[in-house]
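Comments concern the structure below.
Each value in this text was obtained by applying a stated rule to the coordinates, not by laboratory testing. From a predicted model like this one, the values you see are computed outputs, not experimental measurements. A quick note on method: Cβ atoms are made from the backbone with ideal geometry, for glycine too, and the neighbour counts reach across all protein chains shown.
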Amino acid sequence: MTPIPELADLISAEECLATGRAIAAMQESTGAMPWFPGGQTDPWDHIESAMALSATGLIAEAEAAYEWSRRTQRGDGSWAIRTVLGTVTDHNTDSNFCAYVAVGVWHHYLITGDDRFLQKMWPMVCSAIDLVIKFQAPDGQIYWGATYPLPDQSSGTYPGIYHEALITGNSSIHQALGCAVSIAEELGQPAEAWEAAQTRLGHALQSHPELFAPKSEYSMDWYYPVLGGAVRGRAGQELIAQRWDDFVVTDLGIRCVDHRPWVTGAETCELVLALDALGDVEDATALLSDMQHLRDPDGSYWTGLVFADGKRWPVEKSCWTSAAVVLAVDALSRTTPANGIFRDADPLADGPGLHKLAKYRTCYCLSA
């Protein structure tokens with residue numbers, strides 16, 4: 001039996017399981033995990049939701065989600081960006097969406113220890129990651145997407161690739177490459193090219209911000225280099241401190257966009273995971289507590305709140321928001337064998353995350 005994550009006086013095991021069941025209730029008969037019933041499915045949020053199912057012991061439902069990924073993967077290793085009720089509505093390719101399957105598969109294996117599952121999913125992971133590294137530029141950054149189908153060019157150039165790299169997506173890919181390497185090592189498969197790609201990408205994220213399109217108004221661009229393991233230790237602490245007051249809103253969570261009075265649950269929980277990776281359990285736990293105003297009695301979570309007028313927006317309970325909560329509870333409680341999936345994303349880590357050097361919190365601001 002998989003232990004259910006819980007945090008004393010914050011979220012009980014029963015409440016966390018209710019969140020897992022609320023996510024499972026949104027799953028389509030095909031195994032797809034849409035944003036909400038009848039909504040779109042994208043390959044990244046689909047995997048995030050599957051991870052929460054694994055963490056709450058809903059193993060059959062999680063494996064149905066991974067089977068959906070395996071069945072719908074295209075011949076070049078990619079997935080369509082968007083599917084609605086089984087119909088593809090955006091055929092193009094997002095490199096980060098393709099990479100994240102490695103994180104999910106490794107997470108599920110850590111929880112279940114199921115060798116047969118890992119072996120079955122290996123061809124899917126291998127094909128996806130081999131495609132992703134085709135998007136890597138000479139300086140290490142990875143371009144975000146391409147038209148479909150992507151022409152196979154022996155020259156090494158790939159017409160149809162959008163030559164723009166994003167910090168958030170690249171940070172997530174950095175973690176995914178590490179998970180793919182772990183899968184390969186577990187199965188005795190070579191992974192030198194993936195390791196080299198992760199090293200080059202890590203250097204780009206750490207030292208060359210000019211390689212990435214500026215999206216500094218979004219909180220994800222702020223904390224994702226920490227979350228994805230490229231920036232840790234003192235550099236990670238300084239990165240978080242730089243914009244803490246721009247995004248964190250007292251008692252509510254964090255803004256999605258720095259100039260809008262809108263806090264979102266998923267981004268708040270991802271910052272929780274980033275803080276946990278830095279060893280800052282105190283602030284991480286406080287933020288997880290702050291966003292509980294988004295919890296619905298059925299265990300699901302509303303996407304966000306416009307705090308200027310006290311209205312939930314969008315008016316939806318997204319499965320990926322609920323999933324982020326489950327993963328944050330697991331990380332802070334150290335419950336499942338996969339609780340360190342984000343904490344361990346630093347390829348140079350050799351132990352628990354560093355303790356922070358100073359408080360990030362200086363003054364909170366409720367202004368729009």
Unique residue being over 15 Å from E270 (Cβ atoms), among the aliphatic types (A, V, I, L, M) and out of contact with any Phe, Trp or Tyr (no Cβ under 7 Å at 6 or more places or on another chain) when the list is A180, A165, A230, A197: A197
Residues that are under 22 Å from L275 (Cα atoms) and of a type in the set (G, A, S), drawn from segment 288-305: S289, G304
Those residues of segment 1-25 which are over 15 Å from P297 (Cβ atoms) and more than 19 Å from the chain's Cα centre (by Cα), in sequence order: M1, T2, P3, I4, E6, L7, A8, D9, L10, A13
Yes/no for V226 being farther than 19 Å from V103 by Cα and among the hydrophobic types (A, V, I, L, M, F, W, C): no
Meets criteria (in a helix (DSSP H, G or I) and farther than 19 Å from Y224 by Cα) for D283: no
